Each structure stands twice: as structure tokens, then as C-alpha cells.
């Protein structure tokens, strides 16, 4: 048998490359178990060819995608992610205080130049670092600093020239955040860009409804439109090459949507609807239960457990708030919590039934 040839392959995103490496590790472990049980018999030559091929693939993945080839390496990678976030936060804070410490020593022109160069230089440095940093941690750290530099730039330029606050600043934050997130594959920057998008759309909706944009958060309905739009992004534009982006889009959008509904379900006076408070609260309670159930079913059908978990959490929150409204004042406390416990057991039975149906293929 000829020695297997290996050509460098495009394994897509780092998550896809990591999944490929995990497949090889799982294959090796399962092959060893089958061989010990006498269910798999390979000649030494075949085993050597397979091991050689797999090692070439793993070396290629480690060289181009810096994947983790052991559980210890995976844990260290998680630690590096946490440390890089803390480092970026500390450096961004240092940049902020550095500007304010020596700000008075610069002329207006120098201040504008410094504020303009800070995000541009850090952006260029992040791209340059990305070319030789296979792990991506250093480039991501610099990207976070660059985003903080832009936020600092917009705020301080507004202060220098005494400009009125504008919601359009959130559009700049969102655009730059999305740009950095996709270039450097930073989920935290994607979340920041989404938050800026929520603020931008919500502020303009508040203005169109006759309010001052700064108070857009007083009307939770402002967040419905951006939540639905951002939830649909991974449905329209594939995110396979960007690890975790689809889940970030849909989880954060769902959380924003359900928090807004939960607020309106308990404080109907914050709604635009021209009804009495109680009918508004009842309407949004129905919306909350209905959309939470739909999210659970959608997550089940689409094979997205994070959506099922999100739907479960908010369905439970809506249910608990209704239990509290109905029975807290007149039921004995032990009976109240007993009822909640029994309801949880019933929910477990329902979800277990759905899980078995899903495994049997009836809900696919």
C-alpha cells in the first residue's frame, strides 16, 4: 500500500478546524477501544498509514489554525481568552486615563490628531499582528483597544467642539465594531456592535415617536425591531466561517426581545399601546409565553440548543411571574414553592418526551 498523501486543506474557521481535530482524537480513542474488544483488526501497515495521515492533518491544523490537540491545551486556551479580555480592558482604561492625564498640555490641533490616529494606528497594528499571530489572541486584544479608542475619540471630539450628543455616534460604533469583529473574529466586539445597533435604532425610533433620543430606554418597544433584525442575520447571511457568531446574534437578540416583553408584561404603562394597563400587561404576557415556546420549538427543530435554553429560561421567568401574581399573597409559602417544584417536574417530563421524539427523528 502506498503511503497516503496529504495536501493542505482549507478547514474553514477555527471552530471547524478544531472540530476536525476532535474527530481525529475521537477516532483514535474509539479505534483503541474496538481493538481491545477484538472488534477491529488492522494490519500494522494500515494502522501506520492512518496514523501518519492523521498526524499530517493535525500538524497542518496546528500550523494554520493553532487548534488545541489535548484537553490541557483547550483549558489553557480558555485561560488565554480570559486573560486577553482582562488585558484589553486594562489597556483601554490605561489609554483613557493617559489621555485625560496629559490632555491639557496639547493644543486643539494636537488633540484632534491624537484622537484620529489612535483608532487608525491600533487598527493597522491589529491587522499586521493578525498576519503572524496564528492564535489570534494578540490581534483580538489590539482590536478591542482599537474599538475603545474610537469610542474615546468620538466622545472627546464632541467635548472639544462642544457638539450636542447625537444617536448617530452609535452608528459609528456599530460599523467599526462589526468591521473589527469580522476581520479579527472577536465575539465580544460583535456583542458591542450589536449593543450599539440596539441603541442607534432604538434612539431613532424614540425620536420618530416624539421623544428625546436619550430617553429611548424608557420605552421597551424600541428594542423589538433591532432584536428581530439581528436575530435574522445568521438566517440570511451564513456565519459558518465565524465561530460563535450565529449564536451571539440569536442569543443576544432573544434576550433583548424577551427582557423588553417581560418589562411590558409587568409594567404596561411603559407601552405605546393606547389601552389600559392591565390589558397591555396581559397582551405582552401572552406574547412572552408564545414566543418563548416558539423559540424552544425552533431551537429543537434547527438543532440549536442555545436557543432552546434561552426559550426555557424566559418561559420559566414568565411562568414564575404569573405564579407570583396569582398565588403569592394568599397561598402558604410552602405550598407556593411546592407548586413551582411540581411545575418544574412536569416541564422536565415534557422536555424529556420532546428529546426522545427528536432522537427518534419524529420532530426533525
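The values are calculated or read from the model by the stated rules, or taken from the named source; none is laboratory data. Only a predicted model underlies this, so the values are computations on that prediction, with no experimental measurement involved. Cβ coordinates were reconstructed from backbone atoms using ideal geometry, including for glycine residues, and neighbour counts include every protein chain displayed.
Couple of notes before you dig in:
- A search for C-beta distances below 9 Å between a residue of the stretch 319-340 that is closer than 19 Å to residue 281 by Cα and any residue that is modelled with pLDDT of 80 or more and exposed (fewer than 14 other Cβ atoms within 10 Å of the Cβ), counting only pairs 6+ apart in sequence or on different chains, returns 327/335.
- Verdict on residue 256 being touching a residue at least 24 places away in the same chain (Cβ under 8 Å) and assigned by TED's automatic domain parsing to the domain that holds residue 320: yes
- Complete set of residues in the stretch 19-64 that are without any contact (Cβ under 8 Å) to a residue 60 or more places away in the chain and closer than 22 Å to residue 132 by Cα: 21, 56, 57, 58, 59, 60, 61, 62
- The condition (being under 23 Å from residue 16 (Cβ atoms) and either in contact with a strand residue (DSSP E or B) (Cβ under 9 Å, 6 or more places away or on another chain) or surrounded by fewer than 18 Cβ atoms within 10 Å (Cβ to Cβ) (or both)) is satisfied by just one residue among 305, 279, 274, 234: 305.
- The set of residues in the stretch 266-277 being farther than 19 Å from residue 210 by Cβ and either at pLDDT below 90 or touching a helix residue (DSSP H, G or I) at 6+ places or on another chain (Cβ under 7 Å) (or both) consists of 266, 268, 277.
- Residue pairs meeting the criteria (Cβ under 7 Å; at least 6 apart or on separate chains; first modelled with pLDDT under 90, in the stretch 229-242; second outside any loop (DSSP other than H, G, I, E, B) and crowded, with 16+ Cβ neighbours inside 10 Å): 239/245; 239/246; 242/182
- Subset of the stretch 140-164 that is touching a helix residue (DSSP H, G or I) at 6+ places or on another chain (Cβ under 7 Å) and surrounded by fewer than 17 Cβ atoms within 10 Å (Cβ to Cβ) - its residue that is nearest to residue 194 (Cα to Cα): 157
- Applying the criterion of at least 2 residues that are more than 28 Å from residue 98 (Cα to Cα) to the helices (runs of 4 or more DSSP H) found wholly in the stretch 136-218 leaves 187-208.
- The number of residues in the stretch 331-360 that are at pLDDT below 80 and over 29 Å from residue 252 (Cα atoms) comes to 5.
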